[in-house]
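See structure below.
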Amino acid sequence: MRYTEWFRRREDYDATLRCYVVQPESVTEQKRLQYYDEYAAGKIAEAEAMIANLKEYRAALAERYNYYELAAYSFRLELLREAQYQGKKCYWVKIVKVFENKKEQVEFSKRYEGKERHKAFEHFRQLQKERPGMEVYQDTEKRSWER
């Protein structure tokens, strides 16, 4: 089975190899010795197949890494207000890397408590000055359910 088969039904896979062995000196019958030898040979074959699959998997990861390393992207500066339970608020200042395929990766993130609102806005303005030309997104309005 190739590593690509691992992800047919799910996005993750537990590649585990289990092997039960007994001490050779404890086996007294030739038939059992032959059985354990064949069992060990089968497990070695499984382990070699898993190693080959994991090498292919690593190559695919490297290819994917290079795709993101070379893909066109832009940065977006965000200031977000988040209403939490019990009426608490917090503010997030983020720098997000946006790739051409619309995938996003957070490069920087800092959280401010509601009482530190002015610090969040100041940090946001400072980053705007430091990195001109970056897309800016601000969502700090109260939500309809908060009123």
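The values are calculated or read from the model by the stated rules, or taken from the named source; none is laboratory data. From a predicted model like this one, the values you see are computed outputs, not experimental measurements. When we count neighbours, we look across all protein chains shown, and the Cβ atoms used for this are built from the backbone with ideal geometry, even at glycine.
Which residues, counting only those in segment 41-73, are touching a residue at least 24 places away in the same chain (Cβ under 8 Å) and assigned to a helix (DSSP H, G or I)?
The answer is Lys43, Glu46, Ala47, Ala49, Met50, Asn53, Leu54, Glu56, Tyr57, Ala60, Tyr68.
Might you check whether a residue that is closer than 30 Å to Thr4 by Cα, surrounded by 13 or more Cβ atoms within 10 Å (Cβ to Cβ) and not polar (S, T, N, Q) occurs anywhere in segment 67-84?
Scanning segment 67-84, I find at least one residue that is closer than 30 Å to Thr4 by Cα, surrounded by 13 or more Cβ atoms within 10 Å (Cβ to Cβ) and not polar (S, T, N, Q), so the answer is yes.
Under 8 Å between Cβ atoms, which residue pairs at least 6 apart in sequence (or on different chains) link something in segment 29-40 that is over 16 Å from Cys19 (Cα atoms) and modelled with pLDDT under 95 with a partner that is loosely packed, with under 12 Cβ neighbours inside 10 Å and of a type in the set (Gly, Ala, Ser)?
Final answer for the pair search is none.
Report the residue count in segment 123-146 for those that are farther than 24 Å from Ala83 by Cβ and either of a type in the set (D, E, K, R) or loosely packed, with under 12 Cβ neighbours inside 10 Å (or both).
Going through segment 123-146 one residue at a time, the tally reaches 7.
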